[in-house]
Amino acid sequence: MSTAVLVTFVRHGGARVRKGAVLTSRVLQDKSHVTSACQCSPIHRRCFSSRFDPDGSGRPATWDTFGIWDNRIDEPIQLPPSIKHGKLIPNINLSKIGCSTQLGKRKENEDRFNVAKLTDDVLFFAVYDGHGGAAAADFCDRFMANYIKEFLIQEQDMEKVLTKAFLEIDKAFARQAHLSVNATLLNCGTTATVALLRDGIELVVASVGDSRALLCRKGKPVKLTIDHTPERKEEKQRIRDCGGFVAWNSLGQPHVNGRLAMTRSIGDLDLKSMGVIAEPETKRVKLHHADDSFLVLTTDGVNFIVNSQEICDIINQCHDPNEAAQVLTEQAIQYGAEDNSTAIIVPFGAWGKHKSSEVSFSFSRGFASSGRWA
């Protein structure tokens, strides 16, 4: 039904859109602009009132205006991207994004997170889980967005942009660490999971370490990242080829050179020559707002205690993303997470559509059924 609406609009109003796309976009987002535009021309008044203001209220058109599906996030539609991609695309407002972090049983919270609008059409979301101190996570939190913004000017492919940004920020942190009198900087590092959203529909995720990103589609989790652990055959082989080794601790968890539980990270400079790299794995997804409820970025305080389907179910029970982020991180602590727990939740078009009527959680479930084995 969304495509039919757009076809009708473009057929009858396409010429005006081509001549005044910027004006039209502003009209849809600002009530006062709608009033002034409608006074300019009877033709414009009929066009906007019949298609984007059906009740004559002057309010911007939303998903519910078109009666397409149930949605509890009242967001205006982005007109130019919707015409460009041939489907209705909501405006993702930064104020509607949920963020929460919990200390857990640690003495210090080494997790960091950030959300920002980098350009007119690109949004940025990131979580970092520091280890050996918060220095590397702090460095990424301060500078990652700047590196990405700089590379976006030079490159349209957001997968290449993220790869360049990860590699360059790792080099920059290394320069700072080698110039510092603080020798502990050589042994600290951080995971990094970063997502870019262009035009509200093109989603690209890059990650190193074991922080995660997943998309909830039709109530089911779609994993967008894979943990970089020595359990992965290709990761283990790279470590060995570079002269490193993998050792298992008393809990049966593999570590690079008996120290690091991941094979890719930003920082960990003492293990760079042993095959621990900062090059991320990337994933590109085209969103389907009729089916996609949200994107969630999490650190391992959540991941190793709550599995992917449980994450979707917990969030789907909540009224809004802010509540959902708080509930998710608190739930991880209640389930026994000792590590810092952080979550960012970005709502999409199907928010609230796939709420499960029966959700139950077992406190007695085995650890092997959660976290990285989910």
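Observations, loosely collected:
- Peptides 271-283, 238-250 ordered by packing proxy, namely the average of other Cβ atoms within 10 Å per residue, highest first: 271-283, 238-250.
- Judged by the ratio a/c of the largest to the smallest principal axis of the C-alpha gyration tensor, the stretch 94-373 counts as oblate, that ratio being 1.5 or greater while a/b is no larger than b/c.
- FRET efficiency, 1/(1 + (r/R0)^6) with R0 25 Å, evaluated for LYS286 and GLU234 via beta carbons: 0.40
- Across LYS164/LYS223; LYS107/LYS149; LYS233/LYS286; LYS149/LYS353, pairs whose alpha-carbon gap is larger than 31 Å: LYS107/LYS149; LYS149/LYS353
- Note, ³J(HN,Hα) from phi for the stretch 153-166, Karplus 6.51, -1.76, 1.60, rounded to Hz, x at Gly and Pro: 5, 8, 9, 8, 6, 6, 5, 5, 4, 5, 4, 4, 5, 4
- Proximity of backbone amide H atoms, modeled 1.01 Å from N, is registered between ASP111 and GLY130 at under 5 Å, excluding neighbours fewer than 5 places apart on the same chain.
- For the stretch 151-253: rounded, prolate or oblate by the Cα gyration tensor [a/c cutoff 1.5]: oblate
- Rounded, prolate or oblate (a/c below 1.5 giving rounded, otherwise prolate when a/b exceeds b/c) for the stretch 95-139 by Cα gyration tensor: oblate
- Site pair GLU108 and GLU330 shows an inter-label distance of 2.8 nm when each label is modelled 7 Å from Cα along Cα→Cβ.
- Inter-label distance, nm, simple model (7 Å from Cα along the C-beta direction), HIS178/GLN154: 2.0
Taken together, the values in this text are just the output of simple stated rules run on the coordinates, not laboratory data. In this text, all values refer to a predicted model and were calculated from it rather than measured experimentally. Ideal geometry is used to build each Cβ from the backbone, glycine not excepted, and the neighbour counts take in all protein chains shown.
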